[in-house]
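Single-structure report; data block below.
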Amino acid sequence: MTKTFARALRAGVLMATLGGTSAMAAECIAPANPGGGWDFTCRQIARILQEIGVEQNMVQVSNMAGAGGGVAYTHVVGQRATDADLIVAASSATTTRLAQNAFAGMTVDQVRWLGAIGTDPGVIVVGKDSPFQTLGDLVSAVKADPSKVAFAGGSAVGGFDHLKVLMMLRRAGFTDARAVKYIGLDGGADAITQTVGGFTQAMTGDLSEITGFIRSGDVRALAVLADARVDGFEDIPTAKEQGIDFEAGNWRGLYVPGGISDAEFDRWVEALNKVAASDQWKQTMTENGLDEFILIGPDFTEWVRNNVTEIQEISREIGIIQ
Amino acid sequence: MAADRIFGVVMIVLALGYILSAMNIQTSFMSDPVGPRVFPYMVAGVIILCSLVMLLRPDPNANWPAPMMALKIGAALTVLVGYALLIRPMGFIIPTAIASAAISYMISPRPVPAALAGLGLGTGLFVLFKVVLGLGLVAFPRGWF
Amino acid sequence: MDILSNLALGFSIALSPWTLFLALIGCFVGTIIGCLPGLGPSNGVALLIPISFSLGLDAISALVLLTSVYYGAMYGGRISSILLNIPGDEPAMMTTLDGYPMARQGRAGDALVISGVASFYGAVIATVGLMFLAPMLSRVAFQFGPAEYFALYMLAFCTLGGVGSNNQAKAAMAAAIGLGIAMIGLDKTTGMPRFTFGELHLMDGIDFLVAIVGLFAVAEVFHFIESHGKNSAIGVKLGKIRIPWGDLRKSQGAMARGTGIGFVAGILPGAGASLGSFLAYMAEKSVSKNRANFGKGAPEGVAAPEAGNNAAAGGALIPMLTLGVPGSGTTAVLLALLLTLNITPGPLLFTEKPDVVWSLIAALLIANIMLLVMNVPMVKVFVKILSVPSWVLLPGVTMVAFVGIYSLTGSSFDMLLMVAFGLLGWICRKLDIPTVPIILGILLGNAMEDNLRRAMVLSNGDWTYLFSSGISVALWTAAVLGFVAPMFLRRVLKKPPLPATESYDRD
């Protein structure tokens, strides 16, 4: 079903871009299905770009799901390398996959990293009737018998949601990554459904994916993986408070094709700076549980490189890559 | 009789190839208990089982086309393959007109109506898809106009 | 009477001359998109999202337009199924089984009216279900974990026995071929390629639209050329077009059962409309008094799957709205639309944004009433398609199929693949191997495998986990009965094999 959907949307995009009327409008590719973080990034930035008048036409959001963002990455590198009207949503998941060499040999230098304008703190949630009251309860249960605690997440095995669990457990002193049970589903909403249904004992995801379910009381958040409690969700303790010094934010940002000129790149830098400074974006961040994290332009490129190296080291330690 | 048996044999061979190919699938570091190979094995197993049933208890034979008809089907196949290969470089209208005319002729061997059908479909469908539905189609090879 | 006042609120927002006009356009465009093979409802909606924004439509108007297109395509899919034996979209494939035989008997008009009424029936009941039960029914999705989904898929494959063929081995073979094809592409769990042989086009797997169009449309061309159109519905003398009251009355039960099954399938995010129409057809075939005529033009065989797939389309909105989980390609596109309108579906949507929910419901009702009004009188126009000479119609349909696939992928590869599927379809037809199971296999293969693997992770490799809940045991029981019953009955009755399946557990 995902496949059809990706194809269908791609068809829509193809038609819209080739159709003629609005061919010059900028496009934002969300490399996943609607409802996830990339989709959110694209849709919000697209909306704000138009509202603050940076873009006159509506910014076309298209979804290009597949291979954890790899399909879109290949597409941009291979076919749109000089398209100056294209931005692509990215996040920790993108760098994670790049670090693990999961984009069919593509490297981090094949696109230009535009910037990040917020971070989505990781959360660990359990069903409302779960016996686990604190993060400590959950961790000791894993330590006692890892085969009794299954985690659900919206990313595939080895993806960012999975990595979050493994890294958190490592900090807490549990290092047998292979013993940790994890099932990857099609996005955060699907993962929550399985957790509320009691099929898995806990779920990891990004705060923004889960806000609705936390407020409705279907799930309880055990910990937020940020350096301080998040505005609007003050009753969720951080992992640090509970004695596990671990942060994992899923930054929200964009990359652009690698072949565009410096002038074109600077135009996007300026546009993104305006979005980051806008009231609309600030409001969006509070409404959706995003934390402040603004890094745009060349600094961001540097940061992404370091981030990739860091994830590579961790993945190697855990055993995901050789 | 024979047809079912031939199909059964072909499918067994294909299923064995499938199993062979599945044996080379890389597994990941977090090997789940099932892994990426088991399901393909199961599928191939079902195919082999069904093929054996077809081998041992074949249905009565279907009517297979006489040599002339087989040739005609082959021609239709060639037209469609050619169409698939040519629509990109040649634009929409010309390959569509030729392919429709050819298929039309095979259905009803009268050259004039077939040619008319080809022309009409080539242009008519282009208008329908390009103008009404807004699909991105190229009318003629690039560089003609 | 809370619901009535909410509904009134919805209609007050969604009902205006302008939105009615948009609904009319949407229904019309949707019907066309639906009946063109290769373009399905998800393409239709995806196609129109950018257009609706470039038109500067407000949220409600966009919602009305797109739900009209959505349901228009669901109604439209049956037209080419019945007239040409080519499903316009995947849920309509079950309608070919009895709809096309009816058309061959000159009863195309009857089949279109019955299926139109059945579609309306299914869609409206499902919408009413959405109105009254959505918050409660969203809980049903919580009951279905990996083991339950796997059992559900097994049920579908085990009841395949009698679909369009008398030979159970051949039906099973077809399903296995479909499952095997579904394995092609990147493995979602590990990210490793399988059976792609280094071909980049295969990385994302084989699109089932390519398979459907190939197996049905292209195969039909080969078949027609070979048979000189002898068994085709094209050019058949049409009966008088009238409303077949008798058949409608007879298929009331089929519509009700189809709606029930379809609705349940829709509520489960992992099932969807195709499974809904499939199970509706198979269940009807096993309980109907008229079961001997199934596959030969039984009106009930048209009514049940059409009611089923439209009810499933309505049911699928429940997990989409209440959980944010899209159950099908089309609901995924509608989810995209809502997100674009800055509406985030989730457990609080019904309480926090009642105006949106209820105007969506109103839009659904408007679209369906409009489609019923449009479709029944239009039957006279639709059946005229069969009077088009075959030497124009068939090349035309073939080219439409090619363009549909071409517009999706823009590559020759998929078109060649489609021709290959055409050849496979032609051979299958010769050998009396049904093609519907192949499609079903391609559609469900990945989900089936993923759920099996997830179940095994959860149970640490303990296979008994698959039978560990009441729901899964019930589904497995039904599956086993569905598989064994036809063989057993055949032997006992010693008649020419009449496929029959045991009563399906609707739990």
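The values are calculated or read from the model by the stated rules, or taken from the named source; none is laboratory data. This one's a predicted model, so the numbers in the text were calculated from it and none came from an experiment. With ideal geometry, Cβ positions are generated from the backbone for all residues, glycine too; neighbour counts draw on all protein chains shown.
Assorted remarks:
- Screening C:T477 with (1) more than 8 Å from chain B (Cβ to nearest Cβ); (2) in contact (Cβ under 8 Å) with a residue 40 or more places away in the chain gives one miss only, at (2).
- Odd one out for A:E241, checked against (1) under 19 Å from the mean Cα position of the chain (by Cα); (2) not in a helix (DSSP H, G or I): (1)
- For the residues A:S130, A:S140, A:S155, the requirement of being of a type outside the set (K, R), more than 14 Å from chain B (Cβ to nearest Cβ) and either farther than 25 Å from A:Q194 by Cα or in contact (Cβ under 8 Å) with a residue 40 or more places away in the chain (or both) singles out A:S130.
- Listing of helices (runs of 4 or more DSSP H) fully contained in segment C:136-230 that carry 2 or more residues being of a type in the set (A, V, I, L, M, F, W, C), more than 16 Å from C:L417 (Cβ to Cβ) and more than 14 Å from chain A (Cβ to nearest Cβ): C:146-158, C:168-182, C:219-227
- Output for segment C:458-480, where each listed residue is crowded, with 23+ Cβ neighbours inside 10 Å and either touching a strand residue (DSSP E or B) at 6+ places or on another chain (Cβ under 8 Å) or charged (D, E, K, R) (or both): C:L458
- Subset of segment B:85-121 (residues that are more than 7 Å from chain C (Cβ to nearest Cβ) and hydroxyl-bearing (S, T, Y)): B:Y105
- Taken over segment C:339-356, the criterion of being crowded, with 20+ Cβ neighbours inside 10 Å and modelled with pLDDT of 80 or more is satisfied by C:P345, C:G346, C:P347, C:L349, C:V356.
- Residues in segment A:141-166 that are touching a Lys or Arg at 6+ places or on another chain (Cβ under 8 Å), crowded, with 24+ Cβ neighbours inside 10 Å and small (G, A, S): A:G153, A:A156.
- Helices (runs of 4 or more DSSP H) contained entirely in segment C:317-435, each with at least 2 residues that are in contact with a His (Cβ under 8 Å, 6 or more places away or on another chain): C:412-430
- Residue, modelled with the lowest pLDDT, within segment A:17-44, restricted to residues that are aliphatic (A, V, I, L, M), crowded, with 18+ Cβ neighbours inside 10 Å and out of contact with any helix residue (DSSP H, G or I) (no Cβ under 6 Å at 6 or more places or on another chain): A:A25
- Filtered residues of segment C:118-129 (kept if surrounded by 24 or more Cβ atoms within 10 Å (Cβ to Cβ) and out of contact with any Gly (no Cβ under 9 Å at 6 or more places or on another chain)): C:S119
- Checking A:I45, A:I124 one by one, the residue that is under 18 Å from the mean Cα position of the chain (by Cα) and over 26 Å from A:G158 (Cβ atoms) is A:I45 and no other.
- Qualifying residue in segment A:270-279 (condition: farther than 19 Å from A:T96 by Cα, of a type outside the set (F, W, Y), in contact (Cβ under 8 Å) with a residue 60 or more places away in the chain and part of a loop (DSSP other than H, G, I, E, B)): yes
- Evaluated against (1) out of contact with any helix residue (DSSP H, G or I) (no Cβ under 9 Å at 6 or more places or on another chain); (2) buried (at least 24 other Cβ atoms within 10 Å of the Cβ), C:G266 falls short on exactly one condition, (1).
- B:G136 modelled with pLDDT under 90, within 24 Å of the chain's Cα centre (by Cα) and on the phi > 0 side of the Ramachandran plot: no
- Selection within segment A:92-127 - touching a residue at least 24 places away in the same chain (Cβ under 8 Å) and in a loop (DSSP other than H, G, I, E, B): A:Q100, A:N101, A:A102, A:F103, A:A104, A:M106
- Applying the condition of being outside any helix (DSSP H, G or I) and within 19 Å of C:A172 (Cβ to Cβ) to segment B:36-84 and asking which residue is farthest from the other protein chains (Cβ to nearest Cβ) yields B:P58.
Every residue, every condition in (1) of a type in the set (D, E); (2) more than 15 Å from the chain's Cα centre (by Cα), yes or no:
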{"site": "A:A93", "(1), (2)": "no, no"}
{"site": "A:F103", "(1), (2)": "no, yes"}
{"site": "A:A144", "(1), (2)": "no, yes"}
{"site": "A:S147", "(1), (2)": "no, yes"}
{"site": "A:L169", "(1), (2)": "no, yes"}
{"site": "A:A177", "(1), (2)": "no, yes"}
{"site": "A:D190", "(1), (2)": "yes, yes"}
{"site": "A:V196", "(1), (2)": "no, yes"}
{"site": "A:Q201", "(1), (2)": "no, yes"}
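- Top-ranked residue of segment A:65-74 - restricted to ones that are facing another protein chain (nearest Cβ under 10 Å) and at pLDDT 70 or above, ranked as nearest to C:V333 (Cα to Cα): A:A65
- Cβ separations smaller than 6 Å between residues 6+ apart or across chains give the following pairs from segment C:446-461 residues that are under 11 Å from C:K188 (Cβ atoms) and more than 7 Å from every other protein chain (Cβ to nearest Cβ) to residues that are of a type outside the set (K, R) and in a loop (DSSP other than H, G, I, E, B): C:A447/C:G270.
- Filtered residues of segment A:149-160 (kept if modelled with pLDDT of 90 or more and within 15 Å of the chain's Cα centre (by Cα)): A:G153
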